[in-house]
1. Given contacts defined as C-alpha pairs under 8 Å and at least six residues apart, what's the relative contact order of the range 96-264, whole-number percent?
2. Scan the range 151-207 for GluC sites (Glu not before Pro) in coil per DSSP, keeping those whose Cβ has at most 13 other Cβ atoms within 10 Å, and list them by number.
3. ASP154 to LEU136: extension gain in nm, 0.36 nm per residue of separation minus the Cα-Cα distance?
4. How far, in nm, would the chain grow between GLN204 and GLU111 when pulled straight, counting 0.36 nm per residue and subtracting the alpha carbon separation?
5. Expected output is a single nm value to one decimal: the length gained when fully extending between ARG220 and VAL129, i.e. 0.36 nm times separation in residues minus the C-alpha distance. What is it?
6. Could you list PHE85, PHE206 so that the one with the fewest beta carbons within 10 Å of its beta carbon is first and the one with the most is last?
7. Provide the net charge surrounding GLU245, with neighbours chosen by a C-beta distance below 14 Å and charges set as Lys +1, Arg +1, Asp -1, Glu -1.
8. Which aspartates and glutamates does LYS41 reach when only Cα atoms under 17 Å apart count, and residues fewer than 8 places away in its own chain are ignored?
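Read-outs throughout are calculated quantities, based only on the coordinates presented, and are distinct from any laboratory measurement. Bear in mind the structure is a predicted one, so any value in this text is a computation, not a measurement. When we count neighbours, we look across all protein chains shown, and the Cβ atoms used for this are built from the backbone with ideal geometry, even at glycine.
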Amino acid sequence: MSRTEPPATLGAADYAPLSRRPVTEVITDVITERIRSGALKPGDKLPAEPELARQLQVGRGSLREAIRTLHTLGVLQVVRGRGTFVSEPMSQPHSAQFVGLSSVSGPALAEILELRIGLETAAVALACVRATAEDLDEMRARAADHETAVKEGDVHDRARTDEEFHDSIVRAAHNTQLYSMYQMIVPQMAGFRLETLKVERSSQRFVPGHRDIISGITAREPRVSSNAAARHIAGLYRELRTAVEESGAEPGSMLDFPVLLASFTTDP
């Protein structure tokens, strides 16, 4: 982190009481807008939960849910024992191809990602109960293949090995109906998967995400593994929404997703 203490500008005057809107949604909007305006910068530490709740005049439960949502989307980073920090942004904008794809297919891709979050969070939870030793070995092998592809740099190999990793996760649920539904959306994700893997620093999200999912399944912790899967796919959703906004297209219902996503995740 570039900074470990809150800047002097983060006083009570910076956080006015909120209007009577859905509280979690308003909190996420307030924090996101402060980041966009530059009032909060990468590495800045937010006030402690009790103080921030007092400044915003909201309940700590609503504040915790908003922070959880922003953490899942990669906007904030929650470090146990240290606090909540503004995440470092990507160093480069999206490619013209990614922005173009998003401007045309953004809403449809968003629906696919929403479906994928539902399917994969269910799959990893089931895998925690049903995965065999062979299944776990297969997941680790596919994750290792992807990490090798990342090191070698071929984006098509990265896309192929990422697809194979997620396929191994869904197979480990041992639910033929769930796997059949997942297979139906895989071809629709092909172009988007390739473009997201071209995004600067994508490996810093994909590789740790895979490791977190495997760790949760290995420990037989359904909530931990489901949270890891939701956080991993939510990163893709955030990339898509940002690219849609960069293109000037209307994000539509994608604006509602940060609040809805909180239902898939546990406290960070």
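1. 39 percent
2. Those that pass, being in a loop and sparsely packed, are GLU200.
3. That pair, ASP154 and LEU136, stretches by 3.9 nm at full extension.
4. 31.0 nm
5. 32.1 nm
6. By the 10 Å Cβ count, ascending, the order reads PHE85, PHE206.
7. Charge balance near GLU245 sits at -1.
8. By straight Cα distance, LYS41 reaches GLU5, ASP14, ASP29, GLU33, GLU88.
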